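Chemist: Shown below is the structure under consideration.
The values are calculated or read from the model by the stated rules, or taken from the named source; none is laboratory data. Just so it is clear, the model here is predicted, and its values are computed rather than measured. Because the Cβ atoms are built from the backbone with ideal geometry, glycine has one as well, and the counts that use them run over all protein chains shown.
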Amino acid sequence: MAGATLGSLSQAELDIFTGGLRSKSAKLLSIVKDREELTEGDFNTFFGSFLSARRHTKEILSGNSMEHLNAALKSLRVSSIEPNVSIQRFSSLSGAPAGALEDVAMEAVHFLNPDRFGLCTRWVFNPENGKGALSGAVRGEVPSGFTARQALLQEARRVVESAGYNTHGFYGLDVMCSLAYAGGIMGAKDSSMNSGGMEALFPNSTVLAAMILGIRREILAHT
């Protein structure tokens, strides 16, 4: 899968992706770690950075006290040591499905610690239906715990790097998974709705991959 996805990009395209991922990491770091008092604007920017939560941002902000929102974001400051604390705090928030909030935490933990933790949201591993970008590489049940998923991601990163690809921390694996997942969506569109329908409005798989990673704005800002 690594060659079929990462190998489909030119070096310039891969650089654009990794640049967008680094920009997203820097934006989240500036909100979570560089500001003592977080504002409503900070929370809007933070939750708007995640595809799983973007459409729920208004409900998340209105459904939780500033104290609880602050506690959730500030827990990310030590996420390199205690990632499960952040996952628990975000999952307990209101305003969005628990799975979507858990995805926010898992994605934030990854982007704040991209050399240490891989991205393990539901579109990468979905234990509920056994699907996701890496589901085909998992033997048996898709793992549901953060620690178990990280072990599989570390192995996937090792395999990708042994194939000769630089993963730039875990960013290269992000790109690989997003392209594989986008390709699956595009394939379903082409096989089932190639005569029209809503799926015909989907962008190409590379643009869709950037949207899945939540970095389309970062890429547009630097191209």
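Chemist: Just to be sure, is Ser49 among the small types (Gly, Ala, Ser), buried (at least 17 other Cβ atoms within 10 Å of the Cβ) and touching a Ser or Thr at 6+ places or on another chain (Cβ under 7 Å)?
Modeler: For Ser49, the condition - among the small types (Gly, Ala, Ser), buried (at least 17 other Cβ atoms within 10 Å of the Cβ) and touching a Ser or Thr at 6+ places or on another chain (Cβ under 7 Å) - is not met.
Chemist: Quick check on Thr167: is it farther than 14 Å from Ile212 by Cβ and in contact with a Lys or Arg (Cβ under 8 Å, 6 or more places away or on another chain)?
Modeler: Values: farther than 14 Å from Ile212 by Cβ: yes; in contact with a Lys or Arg (Cβ under 8 Å, 6 or more places away or on another chain): yes.
Criteria met by Thr167.
Chemist: Tally the residues that are part of a loop (DSSP other than H, G, I, E, B) and modelled with pLDDT of 95 or more, restricting the search to the stretch 25-48.
Modeler: Matching residues across the stretch 25-48 total 0.
Chemist: Is the stretch 77-87 home to any residue that is of a type in the set (Ser, Thr, Tyr), under 16 Å from the mean Cα position of the chain (by Cα) and closer than 21 Å to Tyr181 by Cα?
Modeler: Within the stretch 77-87, none of the residues are of a type in the set (Ser, Thr, Tyr), under 16 Å from the mean Cα position of the chain (by Cα) and closer than 21 Å to Tyr181 by Cα.
Chemist: So Leu51 ticks every box in (1) assigned to a helix (DSSP H, G or I); (2) closer than 25 Å to Thr147 by Cβ but one. Which box is left unticked?
Modeler: Only one criterion is unmet by Leu51, namely (1).
Chemist: Right, something else. Report every pair of residues separated by at least 6 positions or lying on different chains whose Cβ atoms are under 6 Å apart, first residue within the stretch 195-223 and of a type in the set (D, E, K, R), second at pLDDT below 85.
Modeler: As it stands, the answer is Glu199/Lys189; Glu199/Met193, since those pairs meet every condition given.
Chemist: Would you confirm whether or not the stretch 77-95 contains a residue that is touching a residue at least 12 places away in the same chain (Cβ under 8 Å), assigned to a loop (DSSP other than H, G, I, E, B) and under 21 Å from Arg35 (Cα atoms)?
Modeler: Yes: the stretch 77-95 contains one or more residues that are touching a residue at least 12 places away in the same chain (Cβ under 8 Å), assigned to a loop (DSSP other than H, G, I, E, B) and under 21 Å from Arg35 (Cα atoms).
Chemist: Return only the number of the condition from (1) under 21 Å from Lys24 (Cα atoms); (2) modelled with pLDDT of 90 or more; (3) not β-branched (Val, Ile, Thr) that Ala221 does not satisfy.
Modeler: For Ala221, the failing item is (2).
Chemist: Moving to a separate point now. Tell me which residues, restricted to the stretch 157-172, are under 11 Å from Phe117 (Cα atoms) and either buried (at least 22 other Cβ atoms within 10 Å of the Cβ) or not basic (Lys, Arg) (or both).
Modeler: So in the stretch 157-172, the residues under 11 Å from Phe117 (Cα atoms) come out as 157, 169-171.
Within the stretch 157-172, Gly169, Phe170, Tyr171 qualify.
Chemist: Please state which of the following conditions Asp103 fails to meet, knowing it meets all the rest: (1) surrounded by fewer than 21 Cβ atoms within 10 Å (Cβ to Cβ); (2) within 18 Å of the chain's Cα centre (by Cα); (3) of a type in the set (Asp, Glu).
Modeler: Checking Asp103 against (1) surrounded by fewer than 21 Cβ atoms within 10 Å (Cβ to Cβ); (2) within 18 Å of the chain's Cα centre (by Cα); (3) of a type in the set (Asp, Glu), the one that fails is (1).
Chemist: On the given criteria, is Leu38 under 14 Å from Glu218 (Cβ atoms) and out of contact with any Cys (no Cβ under 8 Å at 6 or more places or on another chain)?
Modeler: The answer is no for Leu38.
Conditions tested, residue by residue: (1) surrounded by 22 or more Cβ atoms within 10 Å (Cβ to Cβ); (2) hydrophobic (A, V, I, L, M, F, W, C); (3) touching a Ser or Thr at 6+ places or on another chain (Cβ under 9 Å); (4) within 21 Å of Leu220 (Cβ to Cβ).
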site	(1), (2), (3), (4)
Ser10	no, no, no, yes
Asp34	no, no, no, no
His68	no, no, yes, no
Lys74	no, no, no, no
Val85	no, yes, yes, no
Gly95	no, no, yes, no
Asn113	no, no, yes, no
Arg116	no, no, yes, no
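Chemist: Name the single residue that is farthest from Ile212 (Cα to Cα) among those in the stretch 127-150 being modelled with pLDDT under 90 and hydrophobic (A, V, I, L, M, F, W, C).
Modeler: Ala148
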